[in-house]
C-alpha cells in the first residue's frame, strides 16, 4: 500500500467513524469543526509590531502633542476669561479678612444666631444653573487634562 | 458593535500611536484573521500569515477611519479579505494551487505526494477541507468559510464581502448543497 492509498483510507475511515448519515448542516458542522481549532500566536504579533511603518507613529505622536498643547492653552485661556484666578484670589482674601474679624470680635450669642440664620438660608445659597454649567465646564477641562496625563503615563 | 476593550485600545492607538495597545488588538484578533486567510488560500499557512501581516499593517494605517459601525473584528476581516483579493490579482498562481489540485483529482478527495504522515488523520481532514472548499466558486467559498468556520452572521458577511444579503443567502444555500454532495461522494457520511 503506497503513501497515497494509506492517507485516503485513513481519511475516509476517520470520516466514516465520525459521520454517519447526517443532514447537510450536521455533516458540514462536523466537517468544519476541525477548521475551528485555535491558532497559536507563535510570535505573529511581535512580527506585525516590528513591521509597523514608523511615519504613522510619528504623525500620531505629533497630533497627540498638538492636542495636549491646544487643550492646556484653551483651558488656561477659558479660566482667565471667566475671571477664575481673580475670583479665587478675592475669595481667599475675603475668607482671611472674615477669620481675622471673627477672632477680634468673638461673641457667643451672635455666633449662635448667625449659625441658625446660616442653616435657614442654605437652600437659597445653592448655585444657579449658570454657575453649575461654569463649574461643570471647568471640571471637564481639568479632568481631560488629568486623564491625558494619566493615559500618557500608561 | 465594537467591544469596550477594543474601543479603549483603538482610542490609545489613534490618539497616542501606542504600539503596545495595537499589539493587544493584534493578539486578540490574529486567530480569526489568520484562520480565515488560511482557508481562503487553500491551506497555505505561510502565504496566509504574510497576508494577515499586511492586513494588520493596513489596519494600523487606517485605524482613524474605523467608525465603529461594525465590530472591530468584522472591520479587520474586511481588510484581510481585500488584502487577499489584491494578492490574487497580483499573483493569480499563488492562490489557485489548491483549486488546480482539486480539478485534477478525478476521484475526488485524494492525498498529494507531500502527505506528512498517513496516520495523521487531523492533517488529512484539514487537507480534505481545503480540497472540498476548492470545488466551490470564490463567493460561495468566502461565504461558507465566514459562516461555517468563523460563525459570522449574514450582516457581517455582507460588510466583509460587499455582497447583497440575499445574494449571500443564495451563495450559502448553493455552496452548502454542493459541499455536502461532494463530501458524500467522497466517503463522508457513510
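A few remarks follow.
- Pairwise label distance in nanometres, residue B:86 with residue A:101, each label 7 Å out on the Cα-Cβ vector: 7.4
- The modelled label-to-label distance for the pair residue B:154/residue A:81, using points 7 Å beyond Cα in the direction of Cβ, is 5.2 nm.
- Shape of the range A:55-153, Cα gyration tensor, a/c cut at 1.5: prolate
- Relative contact order (percent, whole number), the range B:1-95, Cα cutoff 8 Å, 6+ residue spacing: 33
We did not get these values from a lab; they are worked out from the coordinates using the rules stated. These figures come from a predicted structure and were not determined experimentally. No Cβ is skipped: glycine too gets one built from the backbone with ideal geometry, and neighbour counts run over all protein chains shown.
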